[in-house]
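Here's the structure, in C-alpha coordinates; my notes come after.
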Amino acid sequence: MNDEAVSPSMNVQRHLARISELLVRPLTGSDAHHLVVLRESRDFAPPNDDWDELTRTSEEFEGELIALAVALDARWGPHATLSMEGYVQTFMDPDDDDLPPFFRYLCESGYFGDLLYWRVGDRLLAASVGHEDKEEPVVLFAGVTGFGEGFPASERGGPG
(Lines give C-alpha, C1' and ligand atoms only; values in the text may rest on other atoms or scores of the structure.)
Protein backbone atom coordinates (compact mmCIF):
# COMPACT_ATOMS: atom_id res chain seq x y z
CA MET A 1 0.00 0.00 0.00
CA ASN A 2 1.37 3.40 -0.97
CA ASP A 3 1.85 5.59 2.13
CA GLU A 4 0.93 8.72 0.18
CA ALA A 5 -2.49 7.23 -0.56
CA VAL A 6 -3.16 6.55 3.13
CA SER A 7 -4.47 9.21 5.49
CA PRO A 8 -2.20 10.19 8.40
CA SER A 9 -4.67 8.72 10.89
CA MET A 10 -4.62 5.40 9.00
CA ASN A 11 -0.82 5.44 9.13
CA VAL A 12 -0.93 6.02 12.89
CA GLN A 13 -3.42 3.17 13.33
CA ARG A 14 -1.17 0.88 11.30
CA HIS A 15 1.85 1.97 13.37
CA LEU A 16 -0.03 1.31 16.62
CA ALA A 17 -0.83 -2.22 15.46
CA ARG A 18 2.83 -2.89 14.65
CA ILE A 19 3.92 -1.44 18.00
CA SER A 20 1.41 -3.67 19.82
CA GLU A 21 2.98 -6.68 18.07
CA LEU A 22 6.44 -5.44 18.99
CA LEU A 23 5.53 -5.11 22.67
CA VAL A 24 4.51 -8.78 22.99
CA ARG A 25 7.60 -10.22 21.30
CA PRO A 26 9.78 -12.11 23.77
CA LEU A 27 12.93 -10.39 24.95
CA THR A 28 15.77 -12.78 25.72
CA GLY A 29 19.42 -12.27 26.56
CA SER A 30 21.29 -9.47 28.23
CA ASP A 31 20.95 -7.10 25.27
CA ALA A 32 17.36 -7.95 24.37
CA HIS A 33 15.61 -5.39 22.22
CA HIS A 34 13.56 -5.24 19.05
CA LEU A 35 13.28 -2.53 16.45
CA VAL A 36 10.71 -2.11 13.70
CA VAL A 37 10.72 0.32 10.79
CA LEU A 38 7.26 1.85 10.65
CA ARG A 39 7.88 3.87 7.50
CA GLU A 40 10.85 4.47 5.23
CA SER A 41 11.35 7.01 2.45
CA ARG A 42 13.31 6.46 -0.71
CA ASP A 43 17.02 7.20 -0.57
CA PHE A 44 18.45 10.55 -1.61
CA ALA A 45 21.66 9.38 -3.24
CA PRO A 46 22.49 10.92 -6.61
CA PRO A 47 20.73 11.21 -8.98
CA ASN A 48 17.84 11.36 -6.46
CA ASP A 49 19.50 14.09 -4.40
CA ASP A 50 16.62 16.56 -4.28
CA TRP A 51 17.39 18.36 -1.01
CA ASP A 52 14.09 20.25 -1.00
CA GLU A 53 12.28 16.92 -1.14
CA LEU A 54 14.51 15.59 1.64
CA THR A 55 13.52 18.55 3.81
CA ARG A 56 9.81 18.04 3.05
CA THR A 57 10.11 14.30 3.71
CA SER A 58 11.90 14.87 7.03
CA GLU A 59 9.21 17.34 8.11
CA GLU A 60 6.47 14.89 7.07
CA PHE A 61 8.03 12.06 9.06
CA GLU A 62 8.50 14.31 12.11
CA GLY A 63 4.81 15.26 11.85
CA GLU A 64 3.86 11.60 11.70
CA LEU A 65 6.01 10.93 14.79
CA ILE A 66 4.14 13.69 16.63
CA ALA A 67 0.77 12.18 15.63
CA LEU A 68 1.99 8.76 16.78
CA ALA A 69 3.19 10.24 20.08
CA VAL A 70 -0.25 11.74 20.72
CA ALA A 71 -1.82 8.29 20.25
CA LEU A 72 0.80 6.58 22.42
CA ASP A 73 0.44 9.28 25.10
CA ALA A 74 -3.28 8.50 25.20
CA ARG A 75 -2.47 4.82 25.84
CA TRP A 76 0.46 5.04 28.25
CA GLY A 77 0.65 8.57 29.53
CA PRO A 78 2.91 11.42 28.54
CA HIS A 79 6.17 10.47 26.87
CA ALA A 80 9.62 11.56 27.93
CA THR A 81 12.32 12.71 25.52
CA LEU A 82 15.91 11.53 25.48
CA SER A 83 18.66 13.15 23.42
CA MET A 84 20.85 10.76 21.46
CA GLU A 85 23.69 13.32 21.31
CA GLY A 86 25.83 11.79 24.08
CA TYR A 87 25.30 8.27 22.73
CA VAL A 88 26.31 9.36 19.23
CA GLN A 89 29.47 11.03 20.58
CA THR A 90 30.36 7.85 22.48
CA PHE A 91 29.61 5.75 19.39
CA MET A 92 31.89 7.92 17.21
CA ASP A 93 34.79 7.64 19.68
CA PRO A 94 36.91 4.68 18.51
CA ASP A 95 38.33 4.24 22.02
CA ASP A 96 34.96 4.00 23.75
CA ASP A 97 32.78 0.93 23.39
CA ASP A 98 30.74 1.52 26.53
CA LEU A 99 27.27 1.93 25.03
CA PRO A 100 24.20 0.09 26.28
CA PRO A 101 23.16 -2.47 23.63
CA PHE A 102 19.88 -0.76 22.68
CA PHE A 103 21.65 2.57 22.07
CA ARG A 104 24.56 0.90 20.26
CA TYR A 105 22.05 -0.72 17.89
CA LEU A 106 20.33 2.63 17.25
CA CYS A 107 23.68 4.28 16.48
CA GLU A 108 24.80 1.40 14.26
CA SER A 109 21.52 1.81 12.35
CA GLY A 110 22.13 5.53 11.93
CA TYR A 111 19.14 6.48 14.08
CA PHE A 112 20.51 9.56 15.78
CA GLY A 113 17.28 11.51 16.36
CA ASP A 114 16.01 12.25 19.86
CA LEU A 115 13.90 9.43 21.29
CA LEU A 116 10.37 9.77 22.57
CA TYR A 117 9.79 6.99 25.08
CA TRP A 118 7.21 5.43 27.36
CA ARG A 119 7.31 2.88 30.17
CA VAL A 120 4.93 0.05 29.18
CA GLY A 121 4.83 -2.50 31.97
CA ASP A 122 8.34 -3.90 32.34
CA ARG A 123 9.47 -2.54 28.97
CA LEU A 124 10.55 0.74 27.49
CA LEU A 125 9.07 1.71 24.15
CA ALA A 126 10.90 4.32 22.08
CA ALA A 127 10.01 6.00 18.79
CA SER A 128 11.86 8.47 16.62
CA VAL A 129 12.81 9.52 13.13
CA GLY A 130 16.21 8.39 11.95
CA HIS A 131 18.30 9.69 9.09
CA GLU A 132 21.90 8.50 8.99
CA ASP A 133 23.14 10.94 6.41
CA LYS A 134 21.85 13.11 3.60
CA GLU A 135 21.86 10.29 1.05
CA GLU A 136 20.09 7.68 3.17
CA PRO A 137 16.32 7.20 3.55
CA VAL A 138 14.39 8.91 6.33
CA VAL A 139 13.01 6.29 8.72
CA LEU A 140 10.21 6.38 11.30
CA PHE A 141 10.88 3.57 13.74
CA ALA A 142 9.89 2.12 17.10
CA GLY A 143 11.98 0.02 19.43
CA VAL A 144 11.40 -1.85 22.64
CA THR A 145 13.77 -3.04 25.34
CA GLY A 146 13.34 -4.69 28.70
CA PHE A 147 16.49 -3.10 30.02
CA GLY A 148 16.60 0.46 31.27
CA GLU A 149 20.36 0.78 30.83
CA GLY A 150 21.06 4.11 29.17
CA PHE A 151 17.70 5.61 30.11
CA PRO A 152 17.30 8.00 33.08
CA ALA A 153 17.52 6.26 36.46
CA SER A 154 13.77 6.66 37.04
CA GLU A 155 13.14 4.40 34.01
CA ARG A 156 15.39 1.52 35.06
CA GLY A 157 12.60 -0.31 36.83
CA GLY A 158 12.67 -3.26 34.42
CA PRO A 159 14.88 -6.31 34.71
CA GLY A 160 18.02 -4.44 33.57
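So what is the accessible area of segment 18-160 per residue, in Å², with the probe set to 1.4 Å?
Numbers: 7290 Å² over 143 residues.
Ligands and nucleic acids excluded, the result is 51 Å² per residue.
Rounded to the nearest percent, how much of the accessible area of the chain (1.4 Å probe, protein heavy atoms only) is carbon and sulfur? Can you show the working numbers first?
Working: 4190 of 8420 Å².
Roughly 50 percent of what the probe reaches on the chain is carbon or sulfur.
P(r) tail for the chain, what percent of Cα pairs lie past 27 Å?
Working: 3011 of 12720 pairs.
I get 24 percent for the Cα pairs in the chain exceeding 27 Å.
The values are calculated or read from the model by the stated rules, or taken from the named source; none is laboratory data. None of these values were measured; they are calculated from a predicted model. Surface accessibility is based on the protein's heavy atoms, side chains included, excluding ligands, DNA and RNA. Shrake-Rupley method; radii C 1.70, N 1.55, O 1.52, S 1.80 Å.
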